[in-house]
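Chemist: Sharing a structure below in structure tokens format, with a few things to ask.
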Amino acid sequence: MKRNAPASSLVLDAKNVGRRPGSMHEVDFQAEAPADFGTDVLSIPQGQMMELRVRMESVHEGVLVTGTVSASAIGPCVRCLDDLDLPVNNRFQELFVWPDRAKHHREVDAEADEQDEHQIVDEEINLETVLRDAVLPNLPFQPVCRDDCPGLCSECGARLEDDPDHHHELIDPRWAALEALAPLASSSGDVDNEEKRN
């Protein structure tokens, strides 16, 4: 089955698969990326359409959701600061538990962590947290436009790709003070020579 989800919807209807173990429902849809969907360097812009393919399987505890998400992440190359547009293709799988089963787990297991559980709320399955867990850790921490990107000159910020021969004369800082005295020594020598000629 194929449908188009409402804009920015990452919510699935659990009624489509029901509570009978073994029943299954598959859906392909588009959804808008939520806010802050990325890292400080690379992110999928809010509102960009993401392609999702999802399979929902009813199990005893709830609904097992398996799928893929495809989109484009943008940001700067960390070396040359050129804009990047990197494809994102990630798989995800998560069990969403029916509220009564989640309550039962907490009654039998006092150490069960409610925060680690994904619950079906009002017969709806919200994929946002699952997608964040699937996509964000897989975004490159230091994205580059290509592996051999030369980057920018550390002295002046010039783009080294445009001028491969670009360089600066490096002066040992211990000699920098003498370099500053060179013009004075030269002018002093000129005065001495002038006095000798007279």
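The values are calculated or read from the model by the stated rules, or taken from the named source; none is laboratory data. What you see is a predicted model; the values in this text were computed from it and never measured. We place every Cβ from the backbone using ideal geometry, glycine too, and count neighbours over all the protein chains shown. The protein model used for the area step is the full one, side chains on, heavy atoms only, and it has no ligands, DNA or RNA in it. Shrake-Rupley method; radii C 1.70, N 1.55, O 1.52, S 1.80 Å.
Chemist: Filter segment 65-104 down to the residues that are part of a strand (DSSP E or B) and charged (D, E, K, R), then identify the one that is nearest to A158 (Cα to Cα). Reasoning before the result, please.
Modeler: As a first pass, look at segment 65-104 and keep what is part of a strand (DSSP E or B): 65-76, 83-97.
Still in the running and charged (D, E, K, R): 83, 85, 91, 94.
Numbers: D83: 16, D85: 23, R91: 40, E94: 47 Å.
Filtering segment 65-104 for residues that are part of a strand (DSSP E or B) and charged (D, E, K, R), the one nearest to A158 (Cα to Cα) comes out as D83.
Chemist: Now, a different point. Mind checking whether some residue in segment 138-156 is farther than 17 Å from N90 by Cα, in contact with a strand residue (DSSP E or B) (Cβ under 7 Å, 6 or more places away or on another chain) and either free of Cβ contacts under 8 Å to residues at least 60 places away in the same chain or not in a loop (DSSP other than H, G, I, E, B) (or both)?
Modeler: Within segment 138-156, one or more residues are farther than 17 Å from N90 by Cα, in contact with a strand residue (DSSP E or B) (Cβ under 7 Å, 6 or more places away or on another chain) and either free of Cβ contacts under 8 Å to residues at least 60 places away in the same chain or not in a loop (DSSP other than H, G, I, E, B) (or both).
Chemist: Just need a number here: residues in segment 122-169 that are more than 26 Å from L86 (Cα to Cα) and open to solvent by less than 40 Å² (accessible area, probe 1.4 Å).
Modeler: Going through segment 122-169 one residue at a time, the tally reaches 1.
Chemist: If I go through segment 51-70 residue by residue, how many of them are more than 21 Å from E123 (Cβ to Cβ) and without any contact (Cβ under 8 Å) to a residue 40 or more places away in the chain?
Modeler: 4
Chemist: Another question, then. Just need a number here: residues in segment 34-55 that are within 8 Å of the chain's Cα centre (by Cα) and farther than 15 Å from F92 by Cβ.
Modeler: Within segment 34-55, residues that are within 8 Å of the chain's Cα centre (by Cα) and farther than 15 Å from F92 by Cβ number 6.
Chemist: Right, here's the next one. Collect the residues in segment 52-79 that are open to solvent by 40 Å² or more (accessible area, probe 1.4 Å) and farther than 16 Å from L136 by Cα, keeping them in residue-number order.
Modeler: Result: R53, R55, E57, V59, H60, E61, L64, P76, V78, R79.
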